[in-house]
Structure formats: structure tokens, C-alpha cells
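The values are calculated or read from the model by the stated rules, or taken from the named source; none is laboratory data. Everything quoted here is computed from the prediction, not taken from an experiment. Every residue, glycine among them, receives a Cβ derived from its backbone with ideal geometry; neighbour counts consider all protein chains shown.
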Amino acid sequence: MAKADRAIVFVTSILLLLIATPAWSAVGKRPLTDTDCVKCHRQPVEHINSRGGAHKTELGCFGCHVAHPPLGEALIPECSECHARDETPHFMLPECNRCHNPHAPVVVDFSALGETKPACLSCHEEVGESMAQLPSQHADQDCSECHNQHGVEEGQFMTCLECHEGHSEQMVYQDCLSCHDPHQPTVYAWNQDTPVSLCGACHAEEVENLRTQGGAHAEAIHCSECHQRHPPAAEGVIPACADCHDPGDSPHFKFDNCAACHNPHAPLEIDLSVSPVKPVCLSCHTAPVRQMERHPSAHAEMDCNECHQQHGDFQECLECHSGHSTEMNYADCLRCHSPHAPDRLQFSSSGVKSELCGSCHHDQFAQLVDNRSLHAELECIFCHKRTHKAILTCDNCHGQPHDSSMHQQFEDCSKCHKGPHNLRN
């Protein structure tokens, strides 16, 4: 290109620039909008769009940034200009930017924030009060050790079983919550929906006793109906038996210290080693009381547990007493003796061997054995009916076999017949 041509192009360019200057100035003065910000500030806008919260929905960029160079000064406002300190203790905390990115004020990850507890408790005051009321190891931890993100949705906090071993392999997080509050873990609260198996994870012996020997305590009630609270609580842990067993319902329920005899988890397995246990036993077993009162004996002076080591069991007579014969067994004892009135001999209608009578009444039995009359074939209780020392007279069976004058002259049959045990025709 010739020198003259180049000069023409230069002059033309200068003229065009001079003509366009007013239009350029007009473009520079055009008001900016939020859509303009993304052209330069891509990352802040992305943050606002994804996690901006109210900063996105209620403000927009120019709600905070009121000017931009070169026409204004780039200002970053104080958080307190919108979040007044007197509205909440949380807004009084210093260094908002330590936790909150103004373009993404909704905190997602707590792991990089350091200690968050003071900030958390400034809003969640009830949590702080709970932990102060009943301190635990959880109360000594920072909130961020359990809460990964702000919120209570799944994944925003750690569940119990991520740190603690469950009471059983089948446990799930909801099982933990049926007894424990994460902010007061040493306080136990439950209801009848809490499975007994969870109690058994720690109290295996008690639950097994209930299962095998619990009686109505296993069938009619739930653990939580008796144990409404758990240590370290001081009250409601072990209820008074009288809460269910009203002393007005039975003399037996009037006694104190029920646990001396009864294990609440195996209430029918009764420990009778308490001394004296007799008043307690007789509060239920009234028939033995009457027998011992009417017919005093050495047995009546003994405590019940000397014969009854366990409830429902007893020692047999021959464990303490020598039998009337070596062939005797316990059933033979009971044909004549009642254990609660042993000195009152009451015979059954049959089955009492004459040899048993003969162990005391030697002479009479020896005479019968040597006798050839029908009396020798009868059991002793045929004549000595029902009660010891009862004696029938001859006429009870024989009437008056001789003429009346003979009976009037000889009133005692034994004068001629040698007595019933040595009968002579």
C-alpha cells in the first residue's frame, strides 16, 4: 500500500473513533444486572445458585454489592447490616466468614470448620441445656464430631452404630433411639414397644429368668412397666412390689422386704432361707396354721424352712425320723400321721399294715400273729377305726351271741375269750 493510502486509512480511523465516543460513553453508563456478574464472577454465581439460600432468593448480587468499579467503589458489606445482632445470639458471634461463605451461606461440610460448638449452641440452646443438665462424653465432644452437615436428613449426622457397638447384631439406629437421646445418652427412656431383646443385651440373666420362670411377670407385663427409669436416675428404677401387689389384697402382701424371698424376674422360685420365714409362709398357707394350733407338737415349734427348703418341696418323714420298721416308706407314714399335726393319728380306712402298729404295740401284735382266729386276719384298723386309741367293744361286731343271762353275768368278754388279740373260742 502506498504511503498516501496509509494516511487516508489512519485519518478515517481517527474520525470514526471521534464519532463513536458518545455512544461508547452511553454503553459504559448502562446499569448492570445479576446476569452481567457471571461474565466475570463465575464461581461466586455458581455458589449462589447451588447453596445461596435466602441470599439468592431474597437479595441478588446488588442487594449486597451496591457499586462496582470504575463507576463506584467495590464494597463488601458487614453481615450485621442485614443480620442484626439483637435478633439472635448467633448473629452476635464474631468472624461469620469462618463458617459461612457469603455466596454459599448454607454450610454443607463441618469438617473444615474447627470447633463449631459455640456457634451451634447459639441457635440450638435446648441442646446445650440438655447436655449441661446431664453431662456425658457426648457433652465433651464438638458438634462437628457427630454432625457432618447442618440438618437432620440422612447422611447429615453420624448414627450411633457408626461409633458404638450395638447391643446385638440385629440392632438398627431406630433401636438406639428407643432408649437413648443422643444429647443425653446416659438417660434411658423407653416404652412398651421397646423389644425385650434389647434389655437382654445387657441384662441377659434377668431376661432369661423371666422367660423360663417369670410367671405373670413375663406374661402380663413388660420390662418398662416396672423399670420406668434407668441409672443414673435415682427414682423409678426398681419399683415397690406394693405398686402392683396391694397390701389390702392379701395378708401376704403386707410383709416388707419381698426380695428376701422373691426374685422379681423369677418370682415363683422362692428363697426360703430367710429366718424366721414361718410368719410369711402362714400368711398364705392357712390350713397348716389351724392344724398346728389345734394339735401342738414339736413340729409346730419349728420354722417352716426346716422341712421345706424350697417352696413346693418338703423333706419326707424318714429323712428325720426312724421308721417303725425297716420296710416302711413315706406313704406308710402318711397313712397315720399328718406332718403339721403329727401327734394326732388319723388312720385311713384301709391299707395300714398291722406290722406298723406292731412296731409300737409289740405284745398285742405278737398275740395276733400266734392267734388262729379270724381276728388275726384283720387289719388293726378294722377295730381301731380312724383315730388312735379308739377301741370298739365286742358287741359292735358280735352283738350278744350268748343268752342274755350269760351276758348279764359276764359283762367282760375277755374273762372267757382272753381278749381280742389272743382270742380263744
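I'd like to check something: does the range 142-165 contain any residue that is out of contact with any strand residue (DSSP E or B) (no Cβ under 6 Å at 6 or more places or on another chain), assigned to a loop (DSSP other than H, G, I, E, B) and among the aliphatic types (A, V, I, L, M)?
yes
For the condition touching a residue at least 24 places away in the same chain (Cβ under 8 Å), farther than 30 Å from His217 by Cβ and in contact with a Pro (Cβ under 9 Å, 6 or more places away or on another chain), what is the one hit in Ser297, Ser348?
Unique residue meeting the criteria: Ser297.
Exactly one of these conditions fails for Ser197: (1) of a type in the set (S, T, N, Q); (2) assigned to a loop (DSSP other than H, G, I, E, B); (3) within 13 Å of the chain's Cα centre (by Cα). Give me its number.
In the conditions (1) of a type in the set (S, T, N, Q); (2) assigned to a loop (DSSP other than H, G, I, E, B); (3) within 13 Å of the chain's Cα centre (by Cα), Ser197 misses (2) alone.
Give me the helices (runs of 4 or more DSSP H) completely within the range 328-425, filtered to those with at least 1 residues that are surrounded by fewer than 14 Cβ atoms within 10 Å (Cβ to Cβ) and among the aliphatic types (A, V, I, L, M), ordered by residue number.
330-334, 362-370, 404-409
Identify, please: which residue in the range 126-182 is under 24 Å from Val108 (Cβ atoms) and of a type in the set (Val, Ile, Thr) and is, among those, modelled with the lowest pLDDT?
Val152
Take the residues of the range 91-116 that are part of a helix (DSSP H, G or I) and surrounded by fewer than 17 Cβ atoms within 10 Å (Cβ to Cβ): which is farthest from the chain's Cα centre (by Cα)? Write out each step before concluding.
Initially, the range 91-116 is screened for residues part of a helix (DSSP H, G or I), giving 91-92, 96-98.
Next, from what is left, pick out any that are surrounded by fewer than 17 Cβ atoms within 10 Å (Cβ to Cβ): 91-92, 97-98.
Values: Phe91: 45, Met92: 46, Asn97: 49, Arg98: 47 Å.
By that ranking, first place goes to Asn97.
Only one residue in Gln228, Gln213 is of a type outside the set (Phe, Trp, Tyr) and in contact (Cβ under 8 Å) with a residue 12 or more places away in the chain, so which one is that?
Gln213
Exactly one condition in (1) surrounded by 13 or more Cβ atoms within 10 Å (Cβ to Cβ); (2) part of a loop (DSSP other than H, G, I, E, B) is false for His252; which is it?
(2)
In the list Asp181, Asp175, which residue meets the criterion of being among the charged types (D, E, K, R), within 19 Å of Gln133 (Cβ to Cβ) and surrounded by 12 or more Cβ atoms within 10 Å (Cβ to Cβ)?
None of the others qualify; the one that does is Asp181.
Restricting attention to the range 200-217, which residues are assigned to a helix (DSSP H, G or I), more than 10 Å from the chain's Cα centre (by Cα), crowded, with 18+ Cβ neighbours inside 10 Å and not polar (S, T, N, Q)?
Leu210, His217
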